[in-house]
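The values are calculated or read from the model by the stated rules, or taken from the named source; none is laboratory data. Only a predicted model underlies this, so the values are computations on that prediction, with no experimental measurement involved. When we count neighbours, we look across all protein chains shown, and the Cβ atoms used for this are built from the backbone with ideal geometry, even at glycine. What goes into the accessible areas is simple: the full protein's heavy atoms, side chains included, and nothing from ligands, DNA or RNA. Shrake-Rupley method; radii C 1.70, N 1.55, O 1.52, S 1.80 Å.
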Amino acid sequence: MLGGLLGGLSVLCFYAPATWLASGVFKATQGQVQLQQARGTVWNGSAQLVLTGGQGSTDEAALPGRLNWQLRPAFVGARVQLTSDCCTAAPINARASLQWNGALIEVADSQSHWPAAILSGLGTPWNTVQPQGKLTLQTKNLQIASNAGRMVLQGSLQLDALEVSSKLSTLRPMGSYRLTVNGGDAPTLALTTLDGALLLNGSGQWVGQRLRFTGEAMAAPGREAALGNLLNIIGRRTGDRSILTVG
């Protein structure tokens, strides 16, 4: 009987349905990240990745195609590999492990490409801006640790938003931008303009678990009329500038 019970548990774990993983992701992100139409098992599966504004929100946006995963047990943790036909030229590999006072996620150096439109699913302010364009995400030596409830970031992350446009402006595209996050004792964030008529810049820093960011947006000479509505909405208008603040 004991052998049969252990055998049954082993089979159940090996063939655990992908919906179990989808349920765990839903709970961990409070519904903002969802794996819908999950197929396969916890260990080898795929699903439609959907971003939402969270529970009670009607905003949602789905990634084109399906997100595929492979999950493998590792010492006090697991290894995961993610692929998507639309967005990953090479697999994204990561390792999650338990630590004394929390957990650690280590992401192998990678580059991936995502549609900016998926951000609209996250609700305010993205549902108002409704960005269009391409997002290129690069990671280097990226480690995210949770230590006694405190997030610790090491390594770097670079997000390039290319040929960005918005329903709030007739100008298409408005420009291309780079967001850089560098880890350390006090992780920093920097926003710069690569090119375009909408000029964005700013910097920020995580103080404890809160991000404090200050920046500004303005139109290049001759583009004020096309970008005026957008500048009025995305920040606090001061003359020809719009002040951006978080935290």
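Would you mind stating whether Trp43 is modelled with pLDDT under 90 and either open to solvent by 50 Å² or more (accessible area, probe 1.4 Å) or under 15 Å from the mean Cα position of the chain (by Cα) (or both)? Show your work before the answer.
Numbers: modelled with pLDDT under 90: no; either open to solvent by 50 Å² or more (accessible area, probe 1.4 Å) or under 15 Å from the mean Cα position of the chain (by Cα) (or both): yes.
No: the conditions fail for Trp43.
Within region 152-168, can one find any residue that is part of a loop (DSSP other than H, G, I, E, B), open to solvent by 20 Å² or more (accessible area, probe 1.4 Å) and charged (D, E, K, R)?
Here is the first cut: in region 152-168, the ones part of a loop (DSSP other than H, G, I, E, B) are 166-168.
Among the residues that remain, those that are also open to solvent by 20 Å² or more (accessible area, probe 1.4 Å) are: 167-168.
If we keep only those that are charged (D, E, K, R) as well, we get 167.
The answer is yes, given that some residue of region 152-168 is part of a loop (DSSP other than H, G, I, E, B), open to solvent by 20 Å² or more (accessible area, probe 1.4 Å) and charged (D, E, K, R).
Do you know which residues across region 162-200 are in contact with a Pro (Cβ under 7 Å, 6 or more places away or on another chain) and among the charged types (D, E, K, R)? Full working, then the answer.
Taking region 162-200 and keeping what is in contact with a Pro (Cβ under 7 Å, 6 or more places away or on another chain), we get 163-166, 181, 196.
Correct list: Glu163 only.
Show the residue pairs meeting these rules: Cβ distance below 9 Å; 6+ apart or different chains; first residue within region 135-152 and in contact (Cβ under 8 Å) with a residue 40 or more places away in the chain and at negative phi; second residue exposed (fewer than 15 other Cβ atoms within 10 Å of the Cβ) and aromatic (Phe, Trp, Tyr).
Asn147/Trp100
If you take the residues of region 46-67 that are open to solvent by 50 Å² or more (accessible area, probe 1.4 Å) and assigned to a strand (DSSP E or B), which of them is nearest to Ile118 (Cα to Cα)?
Looking at residues that are open to solvent by 50 Å² or more (accessible area, probe 1.4 Å) and assigned to a strand (DSSP E or B), I get Ala62.
Step by step: first the residues of region 56-77, then only those that are hydrophobic (A, V, I, L, M, F, W, C) and either over 26 Å from Ser97 (Cα atoms) or in contact with a Leu (Cβ under 9 Å, 6 or more places away or on another chain) (or both), then the one that is modelled with the lowest pLDDT. Which residue is that? Outline the logic, then answer.
Kept after step one, since they are hydrophobic (A, V, I, L, M, F, W, C), are these residues of region 56-77: 61-63, 67, 69, 71, 74-76.
Filter once more, so that each one left must be either over 26 Å from Ser97 (Cα atoms) or in contact with a Leu (Cβ under 9 Å, 6 or more places away or on another chain) (or both): 61-63, 67, 69, 71, 76.
Details: Ala61: 94, Ala62: 95, Leu63: 93, Leu67: 96, Trp69: 97, Leu71: 93, Val76: 81.
Here the residue is Val76.
Considering only region 185-192, I want to know if a residue exists there that is in contact with a strand residue (DSSP E or B) (Cβ under 6 Å, 6 or more places away or on another chain), free of Cβ contacts under 8 Å to residues at least 24 places away in the same chain and open to solvent by 70 Å² or more (accessible area, probe 1.4 Å). Steps first, please.
So the first thing to find is which residues in region 185-192 are in contact with a strand residue (DSSP E or B) (Cβ under 6 Å, 6 or more places away or on another chain), and the list is 186-192.
Those still in the list that are free of Cβ contacts under 8 Å to residues at least 24 places away in the same chain too: 186, 188, 190, 192.
Checking the rest, the ones that are also open to solvent by 70 Å² or more (accessible area, probe 1.4 Å) come to none.
No.
When you go through Ser112, Ser120, Ser84 one by one, which is the residue that is of a type outside the set (Asp, Glu), buried (at least 18 other Cβ atoms within 10 Å of the Cβ) and in contact with a Lys or Arg (Cβ under 9 Å, 6 or more places away or on another chain)? Spell out how you get there, then give the answer.
On the way: Ser112 fails: in contact with a Lys or Arg (Cβ under 9 Å, 6 or more places away or on another chain); Ser120 fails: in contact with a Lys or Arg (Cβ under 9 Å, 6 or more places away or on another chain).
Result of the check over Ser112, Ser120, Ser84: Ser84.
Name the one entry in Gly133, Gly121 that is over 21 Å from Thr245 (Cα atoms), assigned to a strand (DSSP E or B) and touching an Asp or Glu at 6+ places or on another chain (Cβ under 6 Å).
On the way: Gly121 fails: assigned to a strand (DSSP E or B).
The match here is Gly133.
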